[in-house]
Amino acid sequence: MVLVSQWMIVSLSSFSLLYLISINKTVFKICFPILVFLCSILAYFRFAIGISLTPNLLQSAFDNDLKTSLDLLNLPLIVFVLVNIIMVIILIKIRKCIHPFYPKIHLTIAGILLFFTAILNTRITAPVQHRIPFSIAYSVKNYLENKKVIQSNRPDISKGTTTEIDTLTVVYVQGESLRADHLHVNGYTRQTTPLLEQDSIISFSNIYNPYTTTDQSVPYILTDADSLHPDYANSHRSFINYFNHCDYDSYWIANQEPATAFIYFTNEADHTIHINNGKTVYNFEPYSWLDTQMDSTFDVALNGRASKKLIILHAIGSHWWYKAHYTPDKEVFRPVIESRNVPSSSTEQLINTYDNTILETDFFLDGLIQKLKNKKAVLIYLSDHGEALGENGHWLHGTDATPIHHPACLVWMSDSYKKEFPTYYDILNANKNKYFNSAFLFHSILDAAKIKTRIFAPQLIIFRPH
Ligand SMILES: [Zn+2]
């Protein structure tokens, strides 16, 4: 039913666009070939290599030099575009001249149709924005919005920040859609964290996050926003600003498209690297979009020359479509989902597939830990929110279901880190089942690096006794 209504709205929006440009013959002659030209290029990349047009992809296209862009040209693409253009020319030649009796009426009908199916932003029309040709307009619009956000002037309030540490690697993994109660380390009956349990990871099982979407949650977590000052998320810089001030070389490695809501922070880092550019929530290729695809970039960051490093990895984790986010060997819990649509799968299939993504996160985080073992390093993982798995009819996230407010949170420290901060490990163990608001992250990650700022909220620091 959902798929049918989505298909109808997408078809209707495409129809109204064609209807609109075909009312006037000259407009049609100019606009239709341009539209087909752009659409054929996008369609080729979408179906040949699974890449969709996104604001970030536009940014990369502008950043690339001409040679890199020309590398994307190949014979099948040229043939595909040429065939489409030839068909358009023939169509324009044979098309009978239409002189509608009341062009203004047609214009009004087409305009109203287009407005309600593609321009008016509702839950029903949302999929249209990701579909060709509308993705062109929406990507350009979001790209321009992102640019404005990046250039906006959030005040630098890191002045006076100090640290006595001269060698340290701090890794922050911004997790995605991982609920705390599906981790075996937190008491879940299935073994979903076999590797992390061998790494003596400390799991905080009672984190409360007031927000249930990535866009709202990530700015809240990264800045000094808290329940009393949630607005700081939209006007303050993140903890990256303070690390930069203390001479940390900072990296943001992203495995998901930066949204306008948090693109500002990705640009606070000294180095911003995007993996899997052009992959969107409409990627339905199994086992294709993995967090381990960030590994080689993580290695480059880790082996950089700076003695103090802050490495942030923005994971895709357990985001829907679950089956894209793990490798076949992690398909331990079966049967798994086959459909792209939540209502077409059984509860059992959905939960199995979701739990398989946790095995992938277990593998991914363990891989990072193995590389950090011989360094003075601390790793903090916090999911942006949890995920509903059928509670009161709720699925995925973005609603107010209880499990969405309880994200997974993990902390790991190397032996030499424990030696430098001898009390931290025991304090964390004593705190791990206590209740913390996700606003803890900002204050705690600064404390993990012994960075002293003017803002000090000991009640929100997990490395302090409570
Ligand atoms: Zn999210």
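Bear in mind these aren't lab numbers, they're just calculated from the coordinates by the rules spelled out. Predicted, not measured: the structure shown is a model, and the values here were computed from it. Using ideal geometry, Cβ is built from the backbone for each residue, glycine included, and neighbour counts are taken over all protein chains shown.
The simple Förster model, with R0 at 22 Å and r as the Cβ-Cβ distance, assigns PHE115 and GLU145 a FRET efficiency of 0.60. Among THR125, THR212, sorting on how many other beta-carbon atoms sit within 10 Å of each Cβ, with the fewest leading, yields THR125, THR212. Could you name the lysines in cross-link range of LYS141, using Cα to Cα under 19 Å and dropping any fewer than eight places away on the same chain? Within reach: LYS279.
Label-to-label distance, ASP156 versus ILE455, with points set 7 angstrom from Cα along the beta-carbon direction: 1.7 nm. Neighbours of ASN186, meaning other residues whose beta-carbon lies under 12 angstrom from its beta-carbon, give a summed charge of +1 when Lys and Arg score +1 and Asp and Glu score -1.
Amide hydrogen proximity for GLN174: with H placed 1.01 Å from N in the peptide plane, the residues at 5 or more positions away or on another chain lying under 5 Å are LEU313, HIS314, ALA315. Taken over the C-alpha atoms, region 333-439 has Rg and Dmax values of 17.6, 53 angstrom. Each residue of region 279-289 was assigned a 3J(HN,Hα) from its phi angle through the Karplus expression (A = 6.51, B = -1.76, C = 1.60, θ = phi - 60°), giving 7, 10, 4, 9, 8, 10, 9, x, 6, 10, 10 Hz with x at Gly and Pro.
Compared with the alpha-carbon gap, the fully stretched path from GLU391 to ASN374 is longer by 1.9 nm at 0.36 nm per residue. Placing +1 on each Lys and Arg Cβ and -1 on each Asp and Glu Cβ, with no other charges, gives region 244-330 a dipole about its Cα centre of roughly 100 debye. From least to most packed, judged by other beta carbons within 10 angstrom and beginning with the fewest, LEU144, LEU12 follow the order LEU144, LEU12. Exposure proxy ranking for TYR326, TYR242, TYR102, TYR417, based on other Cβ atoms within 10 angstrom of each Cβ and starting from the fewest, stands as TYR102, TYR417, TYR242, TYR326.
Ordering SER152, ASN255, PHE204 by the projection of their Cα atoms onto the charge dipole of the chain, which places +1 on the Cβ of Lys and Arg and -1 on the Cβ of Asp and Glu, puts SER152 at the extreme positive end. Projecting label points 7 angstrom from Cα along Cα→Cβ for SER288 and ARG334 puts them 2.2 nm apart. Database remark: amide H of LYS308 closer than 5 angstrom to the amide H of LEU168, ASP249 (H placed geometrically; neighbours at sequence offset of 5 or more, or on other chains; Pro and chain starts carry no H).
Summing charges over all other residues whose Cβ lies under 12 Å from the Cβ of PHE243, with Lys and Arg as +1 and Asp and Glu as -1, gives 0. Other residues lying with their Cβ under 11 Å from the Cβ of PRO210 contribute a combined charge of -2, Lys and Arg counting +1, Asp and Glu -1. Remark: region 163-180, residue by residue, has Karplus-estimated 3J(HN,Hα) of 8, 9, 7, 10, 9, 6, 10, 10, 10, 10, 9, 7, x, 9, 6, 9, 8, 5 Hz, where x stands for each Gly or Pro and the curve is 6.51 cos²θ - 1.76 cosθ + 1.60 at θ = phi - 60°.
In this Cβ point-charge picture (+1 for Lys and Arg, -1 for Asp and Glu), the chain has a dipole of about 1680 debye about its Cα centre. Helix content alone sets the calculated 222 nm mean residue ellipticity of the chain: runs of n ≥ 4 DSSP H residues at -39500 (n - 2.57) each, divided across all residues, give -13000 deg cm²/dmol. Distances between placed amide hydrogens fall under 5 Å for HIS229 paired with no residue 5 or more residues away or on another chain. Taking every full run of DSSP H in the chain, the ones that stretch at least 30 Å from end to end by Cα along their long axis and average -1.0 or higher on the Kyte-Doolittle scale are 25-49, 347-372. What's the longest piece of the chain with no exposed GluC sites (Glu not before Pro), counting a site as exposed if DSSP puts it in a loop and it has at most 16 other beta carbons within 10 Å? Between exposed loop sites, the widest span is 165-337.
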